[in-house]
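A short write-up of the structure that comes next.
The values are calculated or read from the model by the stated rules, or taken from the named source; none is laboratory data. Nothing here was measured: the structure is a model prediction, and the numbers come from that model. Cβ coordinates were reconstructed from backbone atoms using ideal geometry, including for glycine residues, and neighbour counts include every protein chain displayed. With ligands, DNA and RNA removed, areas are computed over all heavy atoms of the protein, side chains included. Shrake-Rupley method; radii C 1.70, N 1.55, O 1.52, S 1.80 Å.
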Amino acid sequence: MYKQRYDKVKTWILAKKRRQVLLAFIYKYLPYSVFAGYALLLAYLFFTKDGRLFICIAVPLFMFATLSAVRHFLDLERPYEKYDITPIYKKDTKGHSFPSRHTASAAVIGATFLYVSTPLGAVFLTIALLIALSRIAAGVHFPRDAAAGFLYALLCGLVYLFF
C-alpha cells in the first residue's frame, strides 16, 4: 500500500520540471536557510546582549540531543529500506528514520524564532512544515517520522521557551 502511494506521489512530482525544481529547492536548500537564519538570530542576540541568548541555544541543543538518542535507540527503517522504492534523492543511510531530525531541527528553530519574534517564528515554522513534507515526498522518511519530529520539537520549544 505504501509503495503504491509513494510511486503515485513520485510520478506526479517527476512529471513536471517545475515540481522537481520546487522539491529540490525545499529538500536541499531550505534547511540551509533555516540554519543560516538561526546563526543570524544567535548573532543578533549576542551582539545586542539579549538575555534570551542562552535559552535560544539550550532548548534546540536539548531537543537535538534527546531526539538523536531516541533515533539511535529505536533505529527504525527508512521507507526505501522497508519497501521496494527508490527515493527521489539517493540516500544510503540505514535506519534512524524516526523521528526526522531535519524536520525537528527546523521546527525547534521555528519555535525559537517564535520566542523572539512572532512574525519570523510563523515564517520559520512554515518552512519547517515544508521541510517535513519534502522529506516524505523525497521518500527518505515516513509521514510518522516527519510528524513526530515536528511535534516533539514544537513541544520542546513551547514548553521550555514559553513556560
Q.
Just to confirm the number: angle between the C-alpha axis of helix 30-47 and the first principal axis of the chain, 0 to 90 degrees, nearest 10?
A. 10 degrees
Q. Measuring from label point to label point, each 7 Å out along Cα→Cβ, what is the ALA58 to LYS3 span in nm?
A. 5.0 nm
Q. On full extension of the chain, what length is gained from LEU133 through LEU14, given 0.36 nm per residue of separation minus the C-alpha to C-alpha distance?
A. 41.3 nm
Q.
Under a crude label model (7 Å from the Cα following the beta-carbon direction), how far is PHE162 from TYR32 in nanometres?
A. 3.2 nm
**Q.** By accessible area with a 1.4 Å probe, ligands and nucleic acids excluded, highest first: order of ARG52, ARG71, ARG5, ARG18
**A.** ARG18, ARG5, ARG52, ARG71
**Q.** In Å², nearest 10: area of MET1 left accessible to a 1.4 Å probe
**A.** 150 Å²
**Q.** Residue order for PHE35, PHE150, PHE46 - accessible surface, 1.4 angstrom probe, largest first
**A.** PHE46, PHE35, PHE150
Q. GNM, the chain, Cα, under 10 Å: largest mean-square fluctuation among GLY51, GLY110, GLY139?
A. GLY51
Q) Relative to the first principal axis of the alpha-carbon coordinates of the chain, what is the inclination of helix 118-137, with its axis defined by its Cα atoms, in degrees from 0 to 90 and to the nearest 10? A) 20 degrees
Q: Just round it to a whole percent: the fraction of Cα-Cα distances in the chain exceeding 28 Å.
A: 25 percent
**Q.** Degrees between helix 53-74 axis and first principal axis of the chain (Cα, 0 to 90, nearest 10)
**A.** 30 degrees
Q: Mind jotting down the distance between the C-alpha centroids of segment 1-60 and segment 86-163, whole Å?
A: 8 Å
**Q.** Gaussian network model of the chain, Cα within-10 Å springs - most flexible of LEU130, LEU61, LEU114
**A.** LEU61
Q. Using a Gaussian network model of the chain with C-alpha springs under 10 Å, which one of HIS96, HIS72, HIS141 is most mobile by mean-square fluctuation?
A. HIS72
